[in-house]
Amino acid sequence: MRSSLFAATLPDGRLHLQEGPIDLVIGAFGEAAEMRRAYAAARACFAEVLPGLVAELAGLRRPAGEVGLQGPVARRMAAACRPHRAAFVTPMAAVAGAVADHVLAAMTQAAELSRAYVNDGGDIALHLAPGERLACGLVAELANPRLNGRAVITAEMPVRGIATSGRATKGQGGRSFSLGIADAVTVFAQSAAAADVAATLIANAVDLPGHAAVDRRPAAEIDPDSDLGDRLVTVGLGALSAAEITAALQRGEAVAATLRKAGLIEAAVLFLRGQAEVVGAEELLANKELPSAA
């Protein structure tokens, strides 16, 4: 094991794996021997993830479809972005979700588990055996980490991936940028990679183009290695009226509805300044008391 790769068992028995910018918290449930096999498979699989991505980084930063990719995680990233290639999107939009999917696949191939998840910085891949369920909390702002909603995923639902994107989860302490002004957009999809890229695109669409309250800078000025180049990313947001918040959310809601109609997502929850919009599969929401933008 490379010295830069960190692996530890957390006090509650979960597995923590970290290398470079990739930080995973992994939970497995089942017979003790099966859980040990699953965690061993996760460790072995994870050791090859970052080197594989670094080897193809130049291609991963190119618009989706421009470059053929070879590694298993890179191919997952490209596949998740392929349906969105009419818009500007690079495979990096799906990196966290694709890593989570890849590690989870290794675990479920190695062991019989009732439930399992791989959480890569908030982008989560799920495994649910028949009859199982998993609950997750929805948080709109990292700076104010309170529960804004709760979703329950059952094995009978097609959801196997959850991802969150937005100004408050990315530009304010996260690992990348948003073109929009959403505090957060959480997407439920059939894989974590699919949820990841969709959350990015929906969050980008929650916007008020040209509005004086939105402070933007070229991504390359903040991070010269960003795949967004000179595209303007949101770095600050001033006061908005209730009508402006509603208008911005409706722009994102329209994109989410289009993606849902195309079968690319199952549901999405969009947050901005204390208001929210829900698109699709409302049976997911165990906490119905989400603030409305209507």
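The values are calculated or read from the model by the stated rules, or taken from the named source; none is laboratory data. Everything numeric here is computed off the predicted structure, so don't read it as measured data. Here the Cβ is made from the backbone with ideal geometry for all residues, glycine too, and neighbour counts use every protein chain on show. The protein model used for the area step is the full one, side chains on, heavy atoms only, and it has no ligands, DNA or RNA in it. Shrake-Rupley method; radii C 1.70, N 1.55, O 1.52, S 1.80 Å.
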Just the accessible area per residue of the chain, please: how many Å² with a 1.4 Å probe?
44
Rounded to the nearest Å, the spacing of the alpha-carbon centers of region 1-38 and region 187-259 is 32
Highest-MSF residue in the chain out of Asp101, Asp123, Asp227 [GNM, Cα springs under 10 Å]:
Asp227
Listed residues Ser114, Ser165, Ser178, most fluctuating in the chain (Gaussian network, C-alpha, under 10 Å)
Ser114
In the chain, which whole DSSP H runs stretch at least 18 Å along their own axis (Cα) and average 0.5 or higher on the Kyte-Doolittle scale?
95-110, 192-205
Mean-square fluctuation check for the chain, GNM, Cα pairs under 10 Å: which of Gln275, Gln70, Gln190 is largest?
Gln70
Report the extension gain between Gln250 and His211 in nm, rounded to one decimal, defined as 0.36 nm multiplied by the number of residues separating them, less their alpha carbon distance.
12.5 nm
In nm, spacing of pseudo-spin labels at Asp223 and Ala86 (7 Å Cα→C-beta vector)
2.8
Using θ = phi - 60° and Karplus 6.51 cos²θ - 1.76 cosθ + 1.60, couplings along region 263-271 (whole Hz; Gly, Pro as x)
x, 8, 9, 9, 6, 8, 10, 10, 10
If I compute solvent accessible area with a 1.4 Å probe over the protein chains, what percent of it on the chain is carbon and sulfur?
52
Cut-off under 5 Å, modelled amide H: who pairs with Leu272 long-range
Asp183
Cut-off 11 Å (backbone N to label point 7 Å along Cα→Cβ of Val152), residues of region 124-142
133-136
